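The values are calculated or read from the model by the stated rules, or taken from the named source; none is laboratory data. In this text, all values refer to a predicted model and were calculated from it rather than measured experimentally. When we count neighbours, we look across all protein chains shown, and the Cβ atoms used for this are built from the backbone with ideal geometry, even at glycine.
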Amino acid sequence: MRMNKAELITSLRLAAKYLPATTATLLNEAATRLDVTSAALSESLEQCSALAAENAGLKEIIEQHAGCVAVCPNCSHEEPSETDDIVALYRSMETPATDAYQEGWVNGDKSVEDAPE
């Protein structure tokens, strides 16, 4: 039977009651660290998810911009935004962390062993 985090922490604290004091102290400390580390990891994953969503939104805005037409205020010449500096700069930037997240490497859809190097 595989325990979830809460069950494991509860079991560690319960087992500590039946062990010598020094061992019990170590087991309780391990349970506390597991709990704190798990909370920090959960918070970090939530932050990662929020940042990836923001980044994806920004990327989408640039792509929408690329599909527009810019009009020169002096001569009314129309130029596709696809060719402007912002689109070129964006498209030249590599975003491997965002790309990996969006492909499911970070949120658990795929195994860490399968992640690109």
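Restricting attention to the range 59-77, does a residue exist that is within 13 Å of the chain's Cα centre (by Cα), outside any loop (DSSP other than H, G, I, E, B) and without any contact (Cβ under 8 Å) to a residue 24 or more places away in the chain?
no
Report, by residue number, each residue of the range 92-117 that is modelled with pLDDT of 80 or more and not in a loop (DSSP other than H, G, I, E, B).
Passing the criteria: SER92, PRO96.
Which residue, of GLU46, GLU82, is touching a Gly at 6+ places or on another chain (Cβ under 8 Å) and either assigned to a helix (DSSP H, G or I) or within 20 Å of LEU8 (Cα to Cα) (or both)?
After ruling out the rest, the residue left standing is GLU82.
Go through the range 11-42 and give me each residue that's exposed (fewer than 14 other Cβ atoms within 10 Å of the Cβ), under 29 Å from the mean Cα position of the chain (by Cα) and of a type in the set (Ser, Thr, Tyr).
Across the range 11-42, the qualifying residues are THR32, THR37, SER42.
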